[in-house]
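Reviewing the structure listed below.
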Amino acid sequence: MSPIVNRYTRLVGIEHPIVQEGLGPFRTPKLAAAVSEAGGLGTVSMPGMPEDIAAGARTFRAHIEECASLTDRPFAVNIPVGVDSKGKVLPFTDAYIRTALEVREADPAIARRLRVLTTSAGFPGPYVAAIKDAGLVHQHKVGSTRQAVKAAAAGVDVVIAAGFEMGGHAPSKAVHTFVLLPNVTEAVDVPVLLTGGARDARGLAAALALGAEGVAMGTRFITSTANSDWHPAYIQALLDAEEGDDVAFDGVYGPCRGLRNAASRRLTEAAGPHSGAEEVDQVELTRWKIESMQRAQTEGDVTDSLVMTGQVAAAIHDLVDVAEFVPRMAAEAAEILRSLAARLGSVTV
């Protein structure tokens, strides 16, 4: 029996309350399948924002199908809700969400495996009903208590509280984990996951103590032997990172966190008060950012391309075997909580 069973594990149908974060804009089906096979919840990421949206949707569908062929356990897809300056949902978001719904409807075997759809960035309101009607568990990532309350009121099943130390698309409110998580768990009745700062059993135990029912991790799973699709130079750059080697910069949907290098400096300097930069096409700039992220992941350019990572990379210096790591992390977290409870029970006042 799993050492940690709660509302979240029962809702999603997994053994351990450990989730692999969305890690786009590149391939994650093999990694997602490995995490799901280990008893956690793997996530297939959206494949960027190509000019040919139909081609992007076909790639996304192929990644979903690949993951489903590698595991018979539940997995998720992650789709950011991008919006334009007027608040209108961008076409790629709509295409990817509809692709996820269509592939489940077309293939009952995939529907049994693809159980969860995670949205992030913008408010998912226009899609909540469709996701629910499709029978999917809907998770939404938030960076503030206000956003959590709004998402829960709209009908999402799970809230992911994103601390500012997370990698990739970080929350614009810049609230860190130990402040945000207890605020969110007090404010909503749905299960809450923590993302940002977790890397091992201690992070899971702490999240449970703060009221969450699990953790979602990105950097820790990037640096694993199961992540065979990404360039080794990218993974090594994260293993070599030290405290202070990360930086938040102007990203795709708001702030992003990644390594300090020439590419991230370009963005932090452009956002400065004395940058003097000429007006740029925001769509083209967004496309450049996503393509730069993909180039780091596919070609291993960690100097002149954007290398997404959380602050937790400073504490990670080894690759883990996902099949062994996930159940061990859950077992050790349970033992930490039992040990703490036993120590409290022996204290005399």
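The values are calculated or read from the model by the stated rules, or taken from the named source; none is laboratory data. Just so it is clear, the model here is predicted, and its values are computed rather than measured. When we count neighbours, we look across all protein chains shown, and the Cβ atoms used for this are built from the backbone with ideal geometry, even at glycine. All accessible areas refer to the heavy atoms of the entire protein, side chains included, with ligands and DNA or RNA removed. Shrake-Rupley method; radii C 1.70, N 1.55, O 1.52, S 1.80 Å.
Summary table
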quantity	calculated
Relative contact order, percent, the range 4-98 [alpha-carbon distance under 8 Å, six or more residues apart]	26 percent
Volume per residue of the C-alpha convex hull in the chain, rounded to whole Å³	141 Å³
Within the accessible area of the chain (1.4 Å probe), percent carbon and sulfur	52 percent
When each of 88/150; 88/141; 132/173; 141/173 is checked by Cα-Cα distance, pairs over 21 Å	132/173
All-pairs alpha carbon distance profile, the range 175-314, 10 Å steps from 0, percent	11, 35, 31, 20, 3
Probe 1.4 Å, protein heavy atoms only - accessible area per residue of the range 1-154 in square angstrom	39 Å²
339, 305, reordered so the largest accessible area comes first (probe 1.4 Å)	339, 305
Loop-located GluC sites (Glu not before Pro) in the range 34-86, at most 15 other Cβ atoms within 10 Å (DSSP)	51
J(HN,Hα) series, the range 168-182, from Karplus relation 6.51 cos²θ - 1.76 cosθ + 1.60, nearest Hz, glycine and proline x	x, 6, 8, x, 5, 6, 6, 9, 8, 3, 5, 8, 5, 4, x
Candidates per trypsin sites (Lys or Arg not before Pro) in the range 140-173, loop by DSSP, up to 12 other Cβ within 10 Å	none
222 nm mean residue ellipticity, helices alone, for the chain (DSSP H n ≥ 4; -39,500 (n - 2.57); rounded to 500)	-14000 deg cm²/dmol
Net charge of Cβ neighbours under 12 Å - reference residue 95; Lys, Arg +1; Asp, Glu -1	0
Three-way shape call for the range 119-242 based on the alpha-carbon gyration tensor, with the a/c threshold at 1.5	prolate
